[in-house]
Amino acid sequence: MAGVNSRSFPLMPGCSHHISVISRDDTGSTFADRLIVVLREAGFLTLQDDKMIERIQDSNICIIIFSEEYFSSRRHLDELVAIFDYHGSSRIVPVSYDLGRSDVKHQLRSIGGALNEVADIPAYIIGGGQSEEKLIKKIVREMGVKVHRAVCPPKQLLVGIDRRANSV
């Protein structure tokens with residue numbers, strides 16, 4: 001992964017970063033920090049900012065690390081709704097830190113609205129003895145595909161398909 005040039009990954013027009021990482025103090029900031037280091041080593045331009053609500057349009061993808069503290073703050077939940085409204089479910093990557101998947105779903109569904117859709121996005125689960133290093137590697141590997149899909153949806157990759165389809 002090291003040595004990959006960030007130009008390998010396209011940026012959406014108007015974006016200054018590939019990935020935003022959103023976490024709170026109780027997520028073991030070392031996990032978020034390690035994730036960001038490995039993402040950067042892989043060539044991704046990353047953003048981590050406490051005022052993410054003001055910068056959601058700056059990234060192709062948002063990785064959101066859910067935790068107990070995340071759900072205790074109305075500001076965090078308002079931020080999540082704004083991120084979902086801007087990015088939609090295809091550009092949000094949830095990570096559950098020391099919470100089971102059912103706990104995250106329950107928290108999001110109890111709030112309702114757009115967060116019901118966020119609850120249905122498959123999440124990476126950290127905890128229960130799983131190796132954080134292996135999970136970070138998996139997240140980074142899958143981000144390459146996700147960033148390309150966010151910038152170049154599959155139909156855009158099929159050059160000339162519309163003309164050929166119309167002739168059939």
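The values are calculated or read from the model by the stated rules, or taken from the named source; none is laboratory data. A quick note: this is a predicted structure, and the numbers were derived from the prediction, not measured. Note that each Cβ is placed from the backbone with ideal geometry, even for glycine, and that neighbours are counted across all protein chains shown. Heads up: the accessible areas ignore ligands, DNA and RNA and are worked out on the full protein's heavy atoms, side chains in. Shrake-Rupley method; radii C 1.70, N 1.55, O 1.52, S 1.80 Å.
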Exercise for the section: Select from the range 86-114 the residues that are more than 14 Å from the chain's Cα centre (by Cα) and under 20 Å from residue 57 (Cβ atoms) and list them in ascending order. Expected result: 114
Exercise for the section: Go through the residues of the range 150-162 one by one and say whether even a single one is in a helix (DSSP H, G or I) and at pLDDT 75 or above. Expected result: no
Practice task
Collect the residues in the range 1-47 that are within 22 Å of residue 130 (Cα to Cα), open to solvent by 50 Å² or more (accessible area, probe 1.4 Å) and modelled with pLDDT under 70, keeping them in residue-number order.
Solution key: 1, 25, 26, 29
Practice task
For the range 48-75, name all the residues that are farther than 17 Å from residue 36 by Cα, surrounded by 17 or more Cβ atoms within 10 Å (Cβ to Cβ) and modelled with pLDDT of 80 or more.
Solution key: 67, 70, 71
Problem - Subset of the range 72-122 (residues that are small (Gly, Ala, Ser) and touching a helix residue (DSSP H, G or I) at 6+ places or on another chain (Cβ under 6 Å)) - result: 82, 89, 96, 114, 119
Fill in the blank from the handout: Of those in the range 79-124 that are in contact with a Lys or Arg (Cβ under 8 Å, 6 or more places away or on another chain) and either of a type in the set (A, V, I, L, M, F, W, C) or open to solvent by less than 10 Å² (accessible area, probe 1.4 Å) (or both), the residue modelled with the lowest pLDDT is 115
Problem - the range 97-114 residues that are touching a residue at least 12 places away in the same chain (Cβ under 8 Å), paired with ones that are open to solvent by 30 Å² or more (accessible area, probe 1.4 Å) and part of a helix (DSSP H, G or I) (beta carbon under 6 Å, 6 or more apart) - result: 114/81
